[in-house]
1. Taking the beta-carbon count within 10 Å as an exposure proxy, list His41, His211 from fewest neighbours to most.
2. Under the classification rounded if a/c is under 1.5, otherwise prolate if a/b is larger than b/c and oblate if not, where does the range 122-221 fall, given a ≥ b ≥ c as square roots of the Cα gyration tensor eigenvalues?
3. Compare Ala61, Ala116, Ala107 in a GNM of the chain, Cα atoms joined below 10 Å, and give the one with the largest fluctuation.
4. If you build a Gaussian network model of the chain, linking Cα atoms that sit under 10 Å apart, which residue out of Gly128, Gly67, Gly81 swings the most?
5. Just want the answer: with Cβ charges of +1 for Lys and Arg and -1 for Asp and Glu, which residue in Thr134, Ala117, Val196 is farthest toward the dipole's positive end in the range 112-201?
6. Please compute the volume of the convex hull spanned by the alpha-carbon atoms of the range 171-278 and report it per residue in Å³.
7. Test of understanding: express the Cα radius of gyration of the range 39-180 as a ratio to 2.2 N^0.38 Å, with N the residue count.
8. Which is the longest run of the chain containing none of the trypsin sites (Lys or Arg not before Pro) found in DSSP loop states (not H, G, I, E, B) with at most 10 other C-beta atoms within 10 Å?
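Read the figures in this text as sums done on the coordinates, not as results from a lab. All values reported here derive from a predicted model rather than from experimental measurement. With ideal geometry, Cβ positions are generated from the backbone for all residues, glycine too; neighbour counts draw on all protein chains shown.
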Amino acid sequence: MTTSTDRATERRRPAATGPHEQVLRHRMSPGRWARELGWRHVVGVLAVLYAVFPIAYVVSASLSPTGTLTGSNELFAQVSGVNYAELGDTKFWTWMSNTLVIGVSTAVGTVLMGAAAAYAFSRFRFSGRRLGLTSLLIIQMFPQMLAFVAIFLLLISLGEVVPALGLNSRLALICVYLGGALGVNTFLMYGFFNTVPRELDEAAKIDGATHAQVYWTIILRLVTPILAVVALLSFISTFGEFILARVVLQSESHWTLAVGLYGWVSSLLEANWGLFAAGAVLSAVPVLALFLFLQKYIVGGLTAGSVKG
């Protein structure tokens, strides 16, 4: 026997519908779909084509045996690996190793320096703290390349005392890059460090941990996403940097990829665009591999650092 309470419950309960009825209920008319969703697909396809076309053009030029860009107007009309084979007769792989050494060293140094500075600004309260943060932000507004004349003269004088830190030294170039490593990176890490609860620090100190132990064993493990983001950004900026690398590195055997590849096309009469395109394609592989490896950290590292400043 059905009571009044059961009848009221049945009236409040939505009518059961099968999958077909649900699809019909949520199906939109073509006009409404175009207004609400269709234009997004069109914009997405156009953006993908806009981004993919230059890449396809460079790959086509690298596979063209003519060695000119005009021969690549018809994409993949000629396919040959001669340009990639000729890279072995050049200093391309020497430039690649130089670039990887400089890029990895700069990325590691940037992470260590930026994390230490961000931890100090986030956890300690000292005189000049806010002034220091503001100064880092203002100094970072001026590009490092504006000081390349001063850097050049400084390295000439420094090389007379310490040859390893003079001109034509990869170590000197790494030091120059690390000189501009603070600033935005410190602010990015500073915001992320502020999201880590201070109670963790206090609990560790109660157990007898020092500041160094808290920093190395607890904090750095919790801020791994922002460390990965800063390392990736530092590596990419160093990998493609040209002006400072061209000023500091004098001999061809010490060049980076950016300087070396430019040398192949700097002379219009002797430019080999096919060789340049092949080198450019291979140069993108380390950056792409590092990006894919650190992809899971990128979104969390970039967004969480802006939650609490």
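1. Exposure proxy ranking, most exposed first: His41, His211.
2. Values: a/c = 3.21, a/b = 2.00, b/c = 1.60.
In terms of gyration-tensor shape, prolate.
3. Ala116
4. Taking springs between Cα atoms under 10 Å, the residue moving most is Gly128.
5. Looking along the dipole axis, the top candidate is Val196.
6. Values: hull volume 14.9 nm³, N = 108.
Output value, Cα hull per residue: 138 Å³.
7. Details: Rg = 23.0 Å, N = 142, 2.2 N^0.38 = 14.5 Å.
This ratio for the range 39-180 stands at 1.59.
8. Numbers: sites that count: Arg27, Arg125.
Longest gap between qualifying sites, sites excluded: 126-309.
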